[in-house]
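Report on the following structure.
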Amino acid sequence: MGQSFAPLPDRQAWLALGAMVIGFFMILLDQTIVAVATESLEQSLGAGPNEIIWVTSAYLLAFAVPLLFTGRLGDQIGPKKATIIGLVIFTGASLWCGLSGSIGMLIVARVVQGFGAAMVSPQSLSVITRVFRQESRGAAMGVWGAVAGIATMVGPIAGGLLVDSVGWEWIFFINVPIGVIAVLAVLRLVPSLPTSTHKYDVVGIVLSAIGMFLFVFGIQQGSERDWGAVYVVMIIAGVALMATFIWWQSKVRTEPLVPLRLFQNRNFAVGNGAISTMGFVVAGTMVPLMMFLQLVMGLSAIKAGLVLVPMAVTSGILAPFVGRLADRVDPRVLTVIGYGSMAGAAFWLAIVMSPTTSVPQIIGPMILLGIGNGFVWAPTSSTTMRTLDLKIAGAGSGVYNTTRQVGAVIGSAAIAAVLQTRMTSHVAEGADPHTALANGLSDAFFLPAAVILVGALITLAFRTPGRREQGERAGTAPQDS
């Protein structure tokens, strides 16, 4: 059975977090680092556009599908052990990716890499929830949020530098030394936390895995293949299986894969809704933005990556500061600033994007995106996770990471569908291909702007953490005020 675990002294807790976020940074970096390697992969491996899309899609799919299980697994074997296993898988698969001699082999290696990422991802939030004192948890979430936000933004920057200087293989080889350092740091600095004895909900695992696979695969492929009937059926079947999974979880009386009492906690339910919109927007803007910078503005991979530097720097400066505020300030204030800034930046980009856009016109939206990232991750994560029962923190982290990843998959598919539709429309109106691409990208950016506004509205339902936290942590469902 699970044992109580007193929070660590601050210095030890921060060292443990530092060790955990090395691997967390690496797995999120790999979601976007491939974005600038399109041309190199086409030339080196003879890959077509759809195959190159699968280099990213395979990773996202393998990352998203097992998260509910791997979060629960962290409760069973401990987040330290789960992290080390995941890092070893991810690092080995990264070496395999770099050595791949064909696009098919690269895609298979990316699937293995994604599973390793799914092992690592839920564990950092679980560790934060257990090793930090409650009054320090917001600042810790701030660092975690800075890592989450910066990693997705730094991906294209690092990818551009590596692809242009030493070749596409090094966007994967670079993970090997980082992965080794991460494993050693976790072994040395992260405590072995008490575990809870769980019986695996085999039916729940199968239902959730197949349902999630059908849903995510259907969305990914449907957006690329004009939403053929087979993909629509897959999406519907996936939704039906996930509904069956939820029904099954309500019937399991011993060890459900996802304890539904998690959602009796209002902040947990609200936070999951909000973070899904953030996942949608990050995935739905980063690749199209890189397409605009390279294909419309004609920037090299390195120069396109450098345009994102103001965003990454702004987010990195703000996130730890906002994390400290998350322990003291109404989370609704911070999250509305964050989600609102993201929406403003997306609307701004939609307005300025054109065939004649210059780099200075992009800098303002980049800074605003950095402000948004800085104000979103820490308050959302801290408010969502801080009142969970520690015995199911891993399950809660798995759900939270799953909703973020599913939001990302839907975002990337939705933006691709809107872009294709708008480009076709502009061509039909007589625009040349270059102008049609520029205007199509401009039109497409209105979608993530609208979605993140919904996220801002969702966060208004957050309850300010206070005296009732202990009641919620015990798993009760307090009355709404």
How many residues are more than 26 Å from the chain's Cα centre (by Cα), assigned to a helix (DSSP H, G or I) and in contact (Cβ under 8 Å) with a residue 12 or more places away in the chain if we restrict to segment 344-375? 3
Which listed residue, of Val329, Val281, is within 21 Å of the chain's Cα centre (by Cα), among the β-branched types (Val, Ile, Thr) and under 27 Å from Gly396 (Cβ atoms): Val281
Can you go through Leu306, Leu262 and tell me which one is crowded, with 18+ Cβ neighbours inside 10 Å, assigned by TED's automatic domain parsing to the domain that holds Val143, out of contact with any Asp or Glu (no Cβ under 7 Å at 6 or more places or on another chain) and not in a loop (DSSP other than H, G, I, E, B)? Leu262
Considering only segment 335-357, how many residues are out of contact with any helix residue (DSSP H, G or I) (no Cβ under 7 Å at 6 or more places or on another chain) and closer than 13 Å to Asp443 by Cβ? 1
Select from segment 13-55 the residues that are in contact (Cβ under 8 Å) with a residue 12 or more places away in the chain, outside any helix (DSSP H, G or I) and surrounded by fewer than 23 Cβ atoms within 10 Å (Cβ to Cβ) and list them in ascending order. Gly46, Ala47
With the requirement that a residue be of a type in the set (A, V, I, L, M, F, W, C) and modelled with pLDDT of 85 or more, what does segment 384-405 give you? Val399
Just the residues that are outside any helix (DSSP H, G or I) and either closer than 29 Å to Thr387 by Cβ or of a type in the set (Asp, Glu) (or both), please, taken from segment 137-181. Glu169
Out of (1) β-branched (Val, Ile, Thr); (2) at pLDDT 85 or above; (3) more than 22 Å from Pro191 (Cβ to Cβ), the one Thr38 does not meet is (2)
Condition first: assigned to a loop (DSSP other than H, G, I, E, B), at pLDDT 75 or above and surrounded by 14 or more Cβ atoms within 10 Å (Cβ to Cβ). Now tell me which residues in segment 1-12 satisfy that. Pro7, Leu8
For segment 152-184, name all the residues that are of a type in the set (S, T, N, Q) and in contact with a Ser or Thr (Cβ under 6 Å, 6 or more places away or on another chain). Thr152, Asn175
Would you please name the residue that is modelled with the highest pLDDT, looking only at residues in segment 94-126 that are part of a helix (DSSP H, G or I), among the small types (Gly, Ala, Ser) and surrounded by fewer than 20 Cβ atoms within 10 Å (Cβ to Cβ)? Gly98
Exception for Ser354 within (1) at pLDDT 90 or above; (2) under 27 Å from Ser276 (Cβ atoms); (3) among the polar types (S, T, N, Q) falls at (2)
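Matching residues to (1) outside any loop (DSSP other than H, G, I, E, B); (2) of a type in the set (A, V, I, L, M, F, W, C); (3) surrounded by 14 or more Cβ atoms within 10 Å (Cβ to Cβ); (4) outside the structural domain of Asp75 (by TED's automatic domain parsing):
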{"position": "Val183", "(1), (2), (3), (4)": "yes, yes, yes, no"}
{"position": "Leu193", "(1), (2), (3), (4)": "no, yes, yes, no"}
{"position": "Ile219", "(1), (2), (3), (4)": "yes, yes, yes, yes"}
{"position": "Ile235", "(1), (2), (3), (4)": "yes, yes, yes, yes"}
{"position": "Met242", "(1), (2), (3), (4)": "yes, yes, yes, yes"}
{"position": "Ile275", "(1), (2), (3), (4)": "yes, yes, yes, no"}
Could we say that Ala319 is in contact with a Phe, Trp or Tyr (Cβ under 7 Å, 6 or more places away or on another chain), farther than 13 Å from Thr152 by Cα, of a type in the set (Gly, Ala, Ser) and part of a helix (DSSP H, G or I) here? yes
Condition check: in a loop (DSSP other than H, G, I, E, B), under 23 Å from Phe347 (Cβ atoms) and more than 22 Å from the chain's Cα centre (by Cα). Does Leu299 satisfy that? yes
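For every residue, the table says whether it meets (1) under 22 Å from Gly218 (Cα atoms); (2) out of contact with any Ser or Thr (no Cβ under 9 Å at 6 or more places or on another chain).
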{"position": "Leu67", "(1), (2)": "yes, no"}
{"position": "Gly78", "(1), (2)": "no, no"}
{"position": "Lys81", "(1), (2)": "no, no"}
{"position": "Val112", "(1), (2)": "yes, yes"}
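The values are calculated or read from the model by the stated rules, or taken from the named source; none is laboratory data. Given the structure is predicted, the values throughout are model-derived calculations rather than measurements. Cβ sites come from the backbone with ideal geometry, for glycine too, and all protein chains shown count toward neighbours.
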